[in-house]
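Chemist: Pasting a structure here, questions to come.
Taken together, the values in this text are just the output of simple stated rules run on the coordinates, not laboratory data. Every value quoted in this text rests on a predicted model; they were computed, and no experiment measured them. When we count neighbours, we look across all protein chains shown, and the Cβ atoms used for this are built from the backbone with ideal geometry, even at glycine.
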Amino acid sequence: MSIVCRFAALGRPLVAFAAGATLAFAAHAQAPIKIGAFLSVTGPAAFLGDPEQKTLELYVEKINAAGGVLGRKLQLVAYDSAGDADKARTFVKRLIEEDKVDAIVGGSTTGETMAVIPLVEQAGVPFISLAGAVVIVEPVKKWVFKTPHTDRMACEKIFVDMKARNISKIGLISGSGGFDKSMRAQCLEVAKNYGIEIVADETYGAKDTDMTAQLTKMRQNAQIQAVLNAGFGAGPAILTKNFRQIGMTVPLYQSHGVASKEFIKLAGDAANGVRLPAAALLVAKSLPFDDPQKKVVVAYEHEFESRYHQDVSTFGGHAYDGLYLVVDAMKKAHSTDKARVRDAIESTRGWMGVDGEFNLSPKDHMGLDLSAFRMLEIKNGDWTLVK
Amino acid sequence: MSAQLLQYLLAGLTIGAIYALVALGFSIIYNASQVINFAQGEFVMIGGMASMSLIGAGLPLPLAAALAIVVTTLVGMALEKFAVERARGAPVVTLIIITIGASILLRGLAGLVWDKNIHPLPAFSGDRPIAVGGATILPQSLWVLGVTLVVVAGLWWFFNRTLHGKAMLATSHNRLAAQLAGISVRRVLLISFGLSAALGALAGILVAPITFTSWDIGVMLGLKGFAAAILGGLGSGPGAVLGGLALGLVEALSAGYVSSAYKDVIAFGIILAVLVLMPSGLLGQRSAERV
């Protein structure tokens, strides 16, 4: 089988030449365009990889049903890297050398993404990462792009909202996980650009079950006008309950790390009044009709939920954007030539995805700005948009 | 006393009481078998997760909690019957390794039977904090403290006033002599695993409304409970309670007054210091007496 595949791959440029004129008729005869993926479908980061894989499968199917790309079918070659950077490397090597994919969309976590960057850079394969950290695209790497918002943007969005409420001195509290630490560092770095002073900087352990001590300390600090929690998982929910328990009244901000119904379910009534930045997808239905993003996110939500009967997550949205960035670039380049596709991805402007409007450039391989985030406030156990 | 200090003390006592319940489970099994049961944290997890899913199935909380304790007790007894008892005669280290294996197995099974999400459990009597001299305490914390008191009293009665309890104590003091006196050591072992599992499940149910529950919550609570048992003196009931409360208080006070980043460092630093000065823990029997 693999021998046949390889012959087919060798023959592809010739077939492409011959078929140039009769593209539509040749669709079935041509080798498919291969999109490689490595995702954490199982393991601790399964909540990222699972919706990502489902999204890729769903949309590859839809694109094929609509006739494919450049008259060729798409073929998804997906591996489960289970959150393990070593496995990610092995699979990416296989994607490049054996499967000979035309582009790679994947890397659910920052760790997996960073581990494979040397491989894709060396082989020269367009790679769109689905992981969060800024380091993936800063400094810019020739072949590497990413679709999710960064934690720095989350900090900036929060600080902009604080400024609007005349808040300038805040307490920061963060967990000890990778996400929490990274966001804490970003917030500390950009705070002064927005005139925000961080007057208390507390932490808690990843599995801590009580944060009243840290919060009591903040309550005693009369300077603090708001509290920002950079966290992920159960920690922020416990913290929110503790916050209400000890009767703190200043505004509480959470990060986009808790932007899921799970958080509201866990924190219960205590969640009311909490503000957080989140992707538009979360509030797809309540976006105003003139919102340019509304059409895309509502359509994605409908497709995903009617197919899988589970709630959409923003992580699946990252995969949608990754796939379409590649597909649109191939259409624009009229080719699957890797260098031309890469250039086409980099020149994407004004494209509206699930995550926001993408404006990529040689200096910016993510291309989102703060408008991609919406500031939400939890009211009566549901998300509402902050005007 | 300042409101601030009072708040730290209340937080420390609540979490300390949970550590104490877990530590008691460690001590009971250690007494009966000299085995440190590293699956103790998994009993905590099964208690919380089972009551979560039973409540989800529509059962009222007291019934769900009772059933969850029964289920966990059976799991504990099954662990003794099918894993520990099979390897009787093996060195204690082997038995300890068996319990580590069992904890990984139980954790994996929990991930399959339930899921890998975090779940809340409703508080027993509401979420409205009670004000105490400028500080606040959750009704659930009172439940934790109250039930821990009842359990400690109950265990004292069991071990000092009932034949079964005395038989277990006798076994812990001298296994061979106990056997010669007609005590079924095998039954003592079975009961000790069942009792520890029940205690663990109780802790898991009490704490779930405060800390939530999930398939891997047993890792942290098991570790902290073990540390508390060591601090108080392995095998000593009062020691387990003292160790648990001390650990909880040290954590809360150091997070409040020193630095939240170093609270675990401070807590474990103190444990190390205590063990260097008093190798058998605060209330443990001197190991020399055992020989």
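Chemist: Looking at the protein assembly as shown, send over the antiparallel percent of its DSSP beta bridges, to the nearest 5. Mind showing how you got there, number by number?
Modeler: On the way: 17 of 47 bridges.
Percent antiparallel among DSSP bridges in the protein assembly as shown is about 35.
Chemist: Under a crude label model (7 Å from the Cα following the beta-carbon direction), how far is B:Ile130 from B:Leu149 in nanometres?
Modeler: If labels sit at B:Ile130 and B:Leu149, their model points lie 1.0 nm apart.
Chemist: Turning to a different aspect of this structure: What are the semi-axes of the equivalent ellipsoid of the stretch B:130-231, taken as the square roots of 5 times the eigenvalues of the Cα gyration tensor, listed largest first and rounded to whole Å? Intermediate values should be presented prior to the final figure.
Modeler: On the way: eigenvalues 224, 56, 26 Å².
After diagonalising the Cα gyration tensor, the semi-axes are 33, 17, 11 Å.
Chemist: Return the percentage of antiparallel bridges among DSSP beta bridges fully within chain A, rounded to the nearest 5 %. If you can, show how the numbers build up before the last one.
Modeler: Working: 13 of 43 bridges.
The antiparallel fraction comes to roughly 30 percent.
Chemist: Another one. Quick one: order A:Asp208, A:Asp291 by neighbouring beta-carbon count within 10 Å, fewest to most. Spell out each step's value before the answer.
Modeler: On the way: A:Asp208 24, A:Asp291 17.
Fewest-to-most Cβ neighbours within 10 Å comes out as A:Asp291, A:Asp208.
Chemist: Alpha carbon centre of the stretch A:52-68 versus the stretch B:128-204: separation in Å?
Modeler: So the two Cα centres are separated by 58 Å.
Chemist: Given the pairs A:Lys241/B:Lys116; A:Lys157/A:Lys332; A:Lys142/B:Lys116, which span a C-alpha to C-alpha distance of over 29 angstrom in this model?
Modeler: Details: A:Lys241/B:Lys116 22 Å; A:Lys157/A:Lys332 33 Å; A:Lys142/B:Lys116 37 Å.
Listed pairs above 29 Å: A:Lys157/A:Lys332; A:Lys142/B:Lys116.
Chemist: So how tilted is helix A:178-190 from the main axis of chain A? Cα-based, degrees 0 to 90, rounded to 10.
Modeler: 70
Chemist: Tell me, what does the Kirkwood hydrodynamic radius of the stretch B:84-198 come to in angstroms if you use every pair of distinct C-alpha atoms? Present the calculation step by step, with values, prior to reporting the outcome.
Modeler: Numbers: mean 1/r = 0.0551 Å⁻¹.
About 18.1 Å for the stretch B:84-198.
Chemist: Now for a different question. Hey, what angle do you get for helix A:294-308 against the long axis of chain A, alpha-carbon based, 0 to 90 degrees rounded to 10?
Modeler: Taking the Cα atoms of chain A, the angle to A:294-308 is about 80 degrees.
Chemist: Please give the FRET efficiency for B:Phe268 paired with B:His164, using the beta carbon to beta carbon distance and R0 = 45 Å, rounded to the nearest 0.05.
Modeler: Working: r = 36 Å, r/R0 = 0.80.
Working from the Cβ atoms, E equals 0.80.
Chemist: So if each residue of separation counts as 0.36 nm, and I subtract the Cα-Cα distance between B:Leu67 and B:Gln34, what length gain in nm does that give? Before the final figure, lay out the partial values.
Modeler: Numbers: separation 33, 0.36 × 33 = 11.88 nm, distance 2.92 nm.
Gain in length upon complete extension: 9.0 nm.
Chemist: Now, a different point. What is the set of long-range amide H partners of A:Ala103 at a cut-off below 5 Å, with H atoms built 1.01 Å from backbone N?
Modeler: Excluding prolines and chain starts, which carry no amide H, the hits are A:Gly36.
Chemist: Moving on to the next point. Listed highest first by mean packing, meaning other Cβ atoms within 10 Å per residue, what order do A:150-156, A:313-319 come in?
Modeler: On the way: A:150-156: 23.4, A:313-319: 26.6.
Order by mean packing, descending: A:313-319, A:150-156.
Chemist: For a quick check: sort A:Arg307, A:Arg219 by the number of other beta carbons within 10 angstrom, fewest at the front. Kindly include the intermediate steps, with their values, before the conclusion.
Modeler: On the way: A:Arg307 14, A:Arg219 21.
Least crowded to most crowded, the residues run A:Arg307, A:Arg219.
Chemist: Starting with the fewest neighbours, write out B:Phe212, B:Phe38, B:Phe159, B:Phe26 ranked by other beta-carbon atoms found within 10 Å of each beta-carbon. Working shown, then result.
Modeler: Values: B:Phe212 24, B:Phe38 21, B:Phe159 18, B:Phe26 30.
Sorted ascending by nearby Cβ count, the order is B:Phe159, B:Phe38, B:Phe212, B:Phe26.
Chemist: Counting only other chains, what is the mean number of Cβ atoms within 10 angstrom of the Cβ of each residue in peptide B:247-257?
Modeler: Values: counts 0, 1, 0, 0, 4, 5, 1, 1, 13, 7, 2.
Going residue by residue through B:247-257 and averaging, the value is 3.
Chemist: In degrees, nearest 10, range 0 to 90: what is the angle between the Cα axis of helix A:234-245 and the longest Cα principal axis of chain A?
Modeler: 20
Chemist: Please give the Cα centre distance for the stretch A:139-212 versus the stretch B:7-44, rounded to the nearest Å.
Modeler: Using only Cα atoms to place each centre, the spacing works out to 36 Å.
Chemist: List the pairs from A:Lys169/B:Lys224; A:Lys192/A:Lys363; A:Lys261/B:Lys224; A:Lys181/B:Lys263; A:Lys207/A:Lys285 whose alpha-carbon separation is above 27 Å, in the order I gave them.
Modeler: Values: A:Lys169/B:Lys224 36 Å; A:Lys192/A:Lys363 24 Å; A:Lys261/B:Lys224 30 Å; A:Lys181/B:Lys263 17 Å; A:Lys207/A:Lys285 34 Å.
Violating the 27 Å Cα-Cα cut-off are A:Lys169/B:Lys224; A:Lys261/B:Lys224; A:Lys207/A:Lys285.
Chemist: Sticking with this structure for a sec: Computed FRET efficiency, Cβ-Cβ of A:Asp86 and A:Ala222, R0 35 Å: what is it to the nearest 0.05?
Modeler: Values: r = 50 Å, r/R0 = 1.43.
Approximately 0.10, to the nearest 0.05.
Chemist: Which residues does a label at A:Lys363 reach in the stretch A:133-155, if reach means a backbone N under 13 Å from a point 7 Å past the Cα toward the Cβ?
Modeler: Counting only backbone N, you get A:140.
Chemist: Let me ask something additional. What are the extents of the Cα atoms of the protein assembly as shown along their three principal axes, listed from largest to smallest and rounded to whole Å?
Modeler: 97, 63, 48
Chemist: Further, regarding this structure: I'd like the per residue volume of the convex hull spanned by the Cα atoms of chain A, given in cubic angstrom. The partial results should precede the final answer.
Modeler: Values: hull volume 52.5 nm³, N = 387.
Convex hull of Cα atoms, per residue: 136 Å³.
Chemist: Follow-up. Under 18 Å between alpha carbons, and skipping anything fewer than 8 positions from A:Lys34 in its own chain: which aspartates and glutamates qualify?
Modeler: Reachable aspartates and glutamates: A:Glu52, A:Glu57, A:Glu61, A:Asp80, A:Glu97, A:Glu98, A:Asp99, A:Asp102, A:Asp321, A:Asp328, A:Asp337.
Chemist: Continuing with the same structure: Would you calculate, for chain A, the mean residue ellipticity at 222 nm contributed by helices, counting each DSSP H stretch of 4 or more residues as -39,500 (n - 2.57) and dividing by all residues, to the nearest 500?
Modeler: On the way: 13 runs with 168 residues, N = 387.
It comes out at -13500 deg cm²/dmol, rounded to the nearest 500.
Chemist: Using the Kyte-Doolittle scale, find the helices of chain B whose mean hydropathy is at least 0.0 and whose Cα atoms extend 20 Å or more along the helix's long axis, counting only whole DSSP H runs.
Modeler: Numbers: long enough: B:3-33 (45 Å, 1.44); B:40-56 (25 Å, 1.01); B:61-79 (27 Å, 2.29); B:92-113 (31 Å, 2.26); B:139-161 (32 Å, 1.11); B:185-211 (38 Å, 1.73); B:217-232 (23 Å, 1.82); B:237-257 (30 Å, 1.19); B:263-277 (21 Å, 2.41).
Span-like helices here: B:3-33, B:40-56, B:61-79, B:92-113, B:139-161, B:185-211, B:217-232, B:237-257, B:263-277.
Chemist: Now, a different point. Students often get this wrong: which residues of the stretch B:208-252 have the backbone nitrogen under 16 Å from the point 7 angstrom along Cα-to-C-beta of B:Arg175?
Modeler: B:235
Chemist: Under a cut-off of 13 Å between alpha-carbon atoms, report the aspartates and glutamates in cross-link reach of A:Lys265, not counting same-chain residues fewer than 8 places apart.
Modeler: Output for A:Lys265: A:Asp382.
Chemist: If the label point is 7 Å along Cα→Cβ of A:Lys331, which residues in the stretch A:117-138 have backbone nitrogen under 20 Å from it?
Modeler: Residues A:126-128 fall inside that zone.
Chemist: Whole angstrom only: what separates the Cα centroid of the stretch A:236-301 from the Cα centroid of the stretch A:320-387?
Modeler: That distance is 22 Å.
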